[in-house]
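Here's the structure, in structure tokens; my notes come after.
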Amino acid sequence: MNRNIVCIGAGYIGGPTMAVIAKMNPDRKVYVCDINAKRIAAWNSKNYALPIYEPGLVDVVKEVRGKNLFFTTDIKSAVKKCDIIFVGVNTPTKMFGRGAGRASDLQFWEATAREIKGYADGDKIVVEKSTLPVRTAAAMEAILNGGTGNGERIPRAKRVAESDALAGVGTGNGKAGTGIRFTVLSNPEFLAEGTAIKDLLSPDRVLIGGPETVEGRAAVREICDIYAGKDGKWVERYKILTTNVWSAELTKLAANAMLAQRVSSVNALAGLCEATGADIDEVARVMGADRRIGSKFLKAGPGFGGSCFKKDVLNLVYLCETFGLHTAAEYWSGVIKMNDHQQERIVSRLFKAMFNTLANKKIAMFGFAFKADTGDTRETPAGYVARLLNEEHVRLAITDPKAIENGKRDLAGLDGITWEKDPYKAAKDADAVLLMTDWKEYPALDWEKIFKSMRKPALVFDTRNCLDAGALKKIGFRVLNVGK
Ligand code: NAD
Ligand code: UDX
């Protein structure tokens, strides 16, 4: 077994994760592959115009690209060169057929499994890096090794015989019948966008789930060694947690559901604060001081966005339904329902504050990314709110430091939307500024200048509670916040 690593999928997870793995393991070659040639070209671009924005990422890529980190569309030769294969392809919510709107769409993942089977010419460790429903590893095993997909391990001789029956189902070069052994592990990723490099360099924990067999345990040790880094200089051993495969798969969904639940809970309380005169930031500060509750993920706002929370909670809902746990399914559905409600409430409050008519008014939306320090706009609250405002015939001017390109693509086809790099230009002649993303640039803007350029009465709706409301009021703004 060689020590080289390939990751299939060069997205928000594959790119940064492999860049840091390469940095911390200079004695290993790391290949990152994708079917999207444009994305690979961007990863390889001379001027480091990488396909995603992530603080600190360019520096890591500069350090390792071309030395021991390689981006390529040639999946076949990368699979042949590497005995450790990470799979980091996208697993979005399925929008058709059985489980539509809740289950994960596993078509990209399954295509990858078949590619691996087609190209492999020796034993491989296959590591699920994508977030997947529990027991997906059994299906991965069934495709790679032959079997029932129920998760039981079948004897090697039988496996070899059965794999003959699967020959030809892959991409054409299937090596079924050669007795190649694939060991499937789960190693979910916990990094958050915007802090990916920091999270990867010093994670709270690394999770590796493996089968409780001799081969399984050996494979888990191999992956532990990667995270320990060369000369043990990366993740401390006590932070590398090992479990069985099913626990690892479920833990990832569970962790995201718990975090999303906190955001929905605090937003549910925010509405009550608005109605009663309590202040959600004060409530959250005091709640968080109880160590049993903790202070993180208690920030009220426009609701959660991003590619993970909604998808993973929906996936959990679908799993609960599949196993007949209907009350649990309903419980987790409430987290999503509360999130949608929070965004609808933003528009209702704006409507009321702007004299019950928004038609033809200009609103400057400050921030379109789902959070600060990323250009990612997947499931961004700003997208949903922008659509609702568009239905009210608002003239929307959207500004964002990093997300304009993605935003334009998301809202393509909607009339009445302009995009401005410069927030001052976006706010000129506007009736309101609607702050959706907590970019650190926004509190530092010259708000007096913005006030002077706006139509009066000028309103600021700060959905992140990140501006100095007192100072804005002194300038002359009417101010709305969340949970106050
Ligand atoms: P992404 O869409 O940015 O990247 C996935 C990449 O996989 C795409 O570039 C796509 O072209 C490529 N791909 C799809 N099918 C392929 C195939 N057959 N062969 C080669 N490449 C293929 O997605 P992402 O945000 O990186 O997420 C990937 C997985 O990681 C998902 O399961 C997600 O839930 C999980 N995850 C994401 C995050 C995050 O912060 N984005 C965090 C933790 C876990
Ligand atoms: C999340 C998980 O945090 C991470 O562990 C997992 O690997 C991927 O999913 P991410 O979606 O990148 O990461 O960002 P995160 O920081 O979790 O924020 C998610 C959303 O919740 C954002 O829209 C953010 O603005 C919102 N949020 C977060 C709040 O509204 N309040 C909070 O207190 C925290």
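FYI, it's all coordinate maths here, none of it is from the lab. Just so we're clear, the structure is a prediction, and the values are computed from it rather than from any experiment. A quick note on method: Cβ atoms are made from the backbone with ideal geometry, for glycine too, and the neighbour counts reach across all protein chains shown.
Structure summary
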| read-out | value |
| --- | --- |
| Those aspartates and glutamates that a straight Cα-Cα span of less than 15 Å connects to residue 46, excepting residues fewer than 8 apart in one chain | 59, 63 |
| Geometric extent, Cα atoms of segment 6-122 - Rg, Dmax (angstrom) | 15.0, 46 |
| Separation between Cα centres of segment 398-416 and segment 17-71, rounded to whole Å | 27 |
| Of 81/239; 361/421; 29/310, pairs whose Cα-Cα distance is over 26 Å | 81/239; 29/310 |
| Share, in percent, of DSSP beta bridges within the chain that are antiparallel, nearest 5 | 5 |
| Between helix 245-276 and the chain: long-axis angle, C-alpha atoms, 0 to 90°, nearest 10 | 10 |
| Rounded to 10°, Cα long-axis angle of helix 156-166 versus longest principal axis of the chain | 60 |
| Relative contact order (%) - criterion: Cα under 8 Å, at least six apart; region: segment 5-252 | 19 |
| Per-q log10 I(q)/I(0), segment 182-253, q = 0.11, 0.20 Å⁻¹ (Debye; single scatterer per alpha-carbon; no solvent) | -0.26, -0.84 |
| For segment 277-484, the spread of Cα positions along each principal axis, largest first, Å | 58, 43, 33 |
| Calculated Rg and Dmax of segment 238-277 using C-alpha coordinates, Å | 16.3, 49 |
| Rounded D (µm²/s) - the chain, Kirkwood Rh over Cα pairs, Stokes-Einstein at 37 °C, 0.692 mPa s | 136 |
| Where chymotrypsin sites (Phe, Trp or Tyr not before Pro) fall in DSSP loop in segment 5-50, at most 14 other Cβ within 10 Å | 48 |
| Kirkwood-based shape ratio for segment 5-252, expressed as Rg/Rh from alpha carbons | 0.95 |
| Listed residues 22, 396, 12: farthest to the positive end of the dipole of the chain (Cβ charges) | 22 |
| Label-point separation, residue 424 to residue 348 (7 Å along Cα→Cβ), nm | 3.8 |
| Selection of trypsin sites (Lys or Arg not before Pro), segment 36-92, meeting DSSP coil and at most 14 other Cβ within 10 Å | 46, 67 |
| Residue order, fewest to most beta carbons within 10 Å, for 75, 404 | 404, 75 |
| Unit charges on C-beta of K, R, D, E only; dipole of the chain, Debye | 520 |
| Beta bridges by DSSP in segment 5-252, antiparallel share as percent, to the nearest 5 | 5 |
| Sorted by Cβ density within 10 Å, fewest first, the residues 441, 189 | 441, 189 |
| Proximal aspartates and glutamates relative to residue 428, as straight alpha-carbon distance under 18 Å, when same-chain residues fewer than 8 apart are discounted | 400, 420, 441, 446, 448, 462 |
| Rounded to 10°, Cα long-axis angle of helix 309-322 versus longest principal axis of the chain | 60 |
| Sequence-distant lysines (8 or more away, or on other chains) whose Cα lies within less than 17 Å of residue 473 | 449, 452, 456, 484 |
| Loop-located chymotrypsin sites (Phe, Trp or Tyr not before Pro) in segment 403-455, at most 13 other Cβ atoms within 10 Å (DSSP) | none |
| Förster-model FRET efficiency, 25 Å R0, residue 111 and residue 81, C-beta, rounded to 0.05 | 0.75 |
